[in-house]
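Derivation of every value follows stated rules applied to the coordinates shown; laboratory data play no part. The model shown is predicted, which means the values in this text are computed figures rather than measured ones. A quick note on method: Cβ atoms are made from the backbone with ideal geometry, for glycine too, and the neighbour counts reach across all protein chains shown.
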Amino acid sequence: MRTLFIPTPLALALALTLGSSAALAQEVNSLKPIIITGDAQASPLAPSVQAEQQRLNQVPGGTNLITPQQEARLATLRDALDFEPGLVVQEFFGGLDQPRLNIRGSGIQSNPVNRGVLLLQDGLPLNEADGSFVIGFLEPRNADYISVRRGANALSPAATTLGGELDFQSLTGTQGDMLRLEGGSFGRLGAQAAKGFQGDTLDGRLSVTHDKYDGYRHHSGSKRTSVQGNVGVVGDNFENRTYLSYVDLDVTIPFVVPRAMMEEDPRDVIGDGKTANHPLNVYKRDPHRISRQFRVANRTYWGTEALNHTFGVYAQNVDDTFQDPLSVTATDGMTYGAQWQLAGQYENIDYRVALDWARSDMDRKLYVVNPDNGSRLREFGNYDLQAENRNALLGFAWHVTPQWSVVGNAKFSQAIRNARERSSGKDLNQDWSYISPTLGLVWQPAEHQRFFANISRSNEAPTYWEIVNGSVTPRPNAIMPIPASTSLSELQLQRADTIEIGGEGRLGEGQYAPRWAVALYHSDVKNELMSVSTANGTAAGTYNYQGGTRHRGMELGLRGSLPGFVQNATFDYRVAYTFSDFRFKDGEYAGNRIAGVPRHLISAEVLYHSGGLRIGPNVRWMPSATETNHANIPDTQQDSYALLGFKADYRIDKHWQAYVQADNLTNKTYASAFVIRNVAAPDAPTFLPGNGRSVTAGVSYRF
């Protein structure tokens, strides 16, 4: 394993920060002020923010604790996760679409669905058993908080990837009872109604949201409806909670364009202007995605802090149709899962034993797109897919002294991916067995100080989006024969050995002492899963890179307040910096940067806060170009950009709140995302232009 790399200026900053440990006065796990919205005591299955913060205190690595209800606007997942170090969110179409979520380079190229991170809803997996997920199924407006355990710091027995896990904890009872209405540029409309009840032993809540967006770019409209509810029963040393959710997502896709076309008019798609007769005319081929999920889950807790059990089960049905300009992938899947945990304390040792099981049965069909009208021309693949995961976890935290803790866990996993093409009878059955261990150290020299280090191994099996391939040759019309073929890829497990160090705390004393958090990591990756695109921008398949890759970086956050112009007024600020240095070690692209993730990403905000008013600017800055292909061809990079924004929200009284938010004030033309290739030509359709100048306003009433 190589020595951890730290850029020289950042190493100096870290040394100065750690050298100030005697003055540190308060530990932080989130880089936003935490305001409790519910009962501070809460319950085992619906823990409070304080309880979750205490749990994260025992994690020997980088974490985020995000409280989205403090954000005035929660139109997209980006609104909830912005200003958080280590979380890279790249919007595809800027509306209600599915952004690319990346943590430490896990699943960099994932598209059209995501992988590399385990999503949890109230502690139970939201991913399909093959590891894939539709990120548009997440609803941040229904989350009390989002707990992020980056990398091998993941706590779930099912989380073994390099990226870690995000756990969305639902609002319960009368938390977040509200009516919300908002609207804005490009036909943006959104509404939410949420109401609950709270008794001594019984509580419940129902939330309904609906969003509609015409889109900044042509052919980029979207709409989304989400219904989420839960009912809980609490008794002496017992709790049971049932969760129901339904999400209906419909997104039209403007698709990628060449750089010159983006710079001429970022709203255009292939089919506009000079490209009206292009064989990949978006208007005729109608790329889109329609996804629906129905999910039911139940969790039960019984016992005491000294010894307790938690058992959960879930089932979810997914009906997902993804259509690119050349082909349609239609998936009908059913996933079942169960999870059990025994946790307890013995003298100065906390221990956990957990089992996790999940299975997905999927029918997947591939069709050729009719180039004349976007209909399904013919079927060329019909797959029966079964994915199954079996996981076991042994974990402990040995509190050697009140200041020092040794934390470790080992996850034992078997991943099964069986695929059969019904028409031809060809099949491919793959399975992998592996151990994902972590050993870490936590040092808390004072009540509100924390430093950590860990060493770990992560493992990631491929999803069916990597295993099942479809290839269609472009043709200008349906009269001409359109060749199409399908195949199965035999892939190896992606593995990574990682070391991580960092800490978090407060610089100085007093009301205006800033809070900081920093994590540095170095991962040596073997057989990294590389998903690449064709010259047209459609999926070309996935392979394991044989030369070895290296992921290393720094995740830094800073927040605090400065005195304002009048008494009790403040300037509240928060800054998140994510440094990512991902390279090929050997092989074909030795020394090159791995395409996909910005090397530097900075988000910052300053709000003047006086009474119920918060107002001020923000910026999202990518100061250097990002490679779009692994060969690092000149003139193919995503250019650097800085997006200026401004927002104001006013809490009129305990019931009413209003906000207005402006984005991209300078109307900057930029690429928000792109497709990834091994090699690319400068004039290839590569980029997804980001939104132009926009304004959103909303009002909410809390009961």
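Counting Lys and Arg as +1 and Asp and Glu as -1 over every other residue whose Cβ lies under 14 Å from the Cβ of Trp398, the net charge comes to -1.
Summed over all non-identical Cα pairs, the Kirkwood treatment of the chain gives a radius of 25.9 Å.
Summing charges over neighbours of Gly190, with a neighbour being any other residue whose Cβ is under 10 Å away from its Cβ, gives +4 when K and R count +1 and D and E count -1.
How much FRET efficiency would the formula 1/(1 + (r/R0)^6) give for Ile615 and Arg583, where r is the Cβ-Cβ distance and R0 is 35 Å, rounded to 0.05? The partial results should precede the final answer.
On the way: r = 42 Å, r/R0 = 1.20.
That gives a FRET efficiency of 0.25.
For the range 541-626, report the % of Cα-Cα distances exceeding 21 Å.
On the way: 1877 of 3655 pairs.
Cα-Cα pairs of the range 541-626 separated by over 21 Å account for 51 percent.
Extension gain, Val406 to Leu181, is 76.2 nm, computed as 0.36 nm per intervening residue step minus the present C-alpha separation. Judged by the mean number of other Cβ atoms found within 10 Å, the most tightly packed of the peptides 407-416, 660-669 leads the ranking 407-416, 660-669. Roughly how tilted is helix 8-19, in degrees to the nearest 10 and between 0 and 90, from the longest Cα axis of the chain? For helix 8-19, the angle is close to 20 degrees.
Residues of the range 578-609 falling in the label zone of Ser624, defined by backbone nitrogen less than 15 Å from a point 7 Å along Cα to beta-carbon, are 578-584, 591-602. Of all DSSP beta bridges confined to the range 8-702, the antiparallel ones make up roughly 100%. Once both labels are positioned 7 Å from their Cα atoms along Cα-to-Cβ, the gap between Ala681 and Ser424 label points is 2.9 nm. Label positions at Ile652 and Ala338, each projected 7 Å from the Cα along the C-beta direction, are separated by 5.2 nm. Within the shell defined by Cβ-Cβ distances under 11 Å, the residues around Gly131 carry a net charge of -2, with Lys and Arg each +1 and Asp and Glu each -1.
Please report, in cubic angstrom per residue, the volume enclosed by the convex hull of the alpha-carbon atoms of the range 477-624. Don't skip to the answer; put the middle values down first.
Numbers: hull volume 30.3 nm³, N = 148.
About 205 Å³ per residue, rounded to a whole number.
Based on the Cβ-Cβ distance of Gln414 and Phe565, what FRET efficiency does E = 1/(1 + (r/R0)^6) give at R0 = 60 Å, to the nearest 0.05? Walk me through the numbers on the way to the answer.
Details: r = 62 Å, r/R0 = 1.03.
It comes out at approximately 0.45.
Can you give me the Rg/Rh ratio for the range 158-287, using Cα atoms for both radii and the Kirkwood formula for Rh? Rounded to two decimals, Rg over Rh is 1.18. For the range 616-655, the Kirkwood estimate of hydrodynamic radius, built from reciprocal distances between every pair of different alpha carbons, is 13.3 Å.
Is the shape of the range 401-517 rounded, prolate or oblate, going by the alpha carbon gyration tensor and its root eigenvalues a ≥ b ≥ c, with a/c under 1.5 for rounded and a/b larger than b/c for prolate? Numbers along the way, then the final one.
Working: a/c = 5.94, a/b = 2.28, b/c = 2.61.
Cα axes put the range 401-517 in the oblate bin.
Note on Gln54 and Thr242: their simple-model spin labels are 3.1 nm apart, each label 7 Å out from Cα toward Cβ.
Excluding same-chain neighbours fewer than eight residues apart, the lysines reachable from Lys365 by a Cα-Cα span under 19 Å are Lys426.
In the chain, helices alone account for a calculated mean residue ellipticity at 222 nm of -1500 deg cm²/dmol, with every DSSP H run of four or more residues adding -39,500 (n - 2.57). Comparing Gly62, Ser533, Ala478 along the charge dipole axis of the range 8-702, the residue lying farthest to the positive side is Ala478, per the Cβ-charge model. Between the listed residues Gly123, Val699, Pro258, the Cα displaced farthest toward the positive end of the dipole of the chain, a dipole computed from Cβ unit charges relative to the Cα centre, is found at Pro258. Which one, Gln546, Ile467, Trp516, is farthest towards the positive end of the dipole of the chain when Lys and Arg carry +1 and Asp and Glu -1 on their Cβ? The one lying farthest along the dipole's positive direction is Gln546.
Grab the Cα-Cα distance for Val606 and Glu263, subtract it from 0.36 nm times how many residues apart they are, and report the gain in nm with one decimal. Don't jump to the answer; show the numbers that get you there.
Working: separation 343, 0.36 × 343 = 123.48 nm, distance 3.07 nm.
Extra length from Val606 to Glu263 when fully extended: 120.4 nm.
Applying 1/(1 + (r/R0)^6) with r as the Cβ-Cβ distance of Ser375 and Tyr351 and R0 = 60 angstrom yields a FRET efficiency of 0.55.
Taking 0.36 nm per residue of separation and subtracting the current Cα-Cα distance, fully stretching the chain between Met480 and Arg702 would add 74.0 nm.
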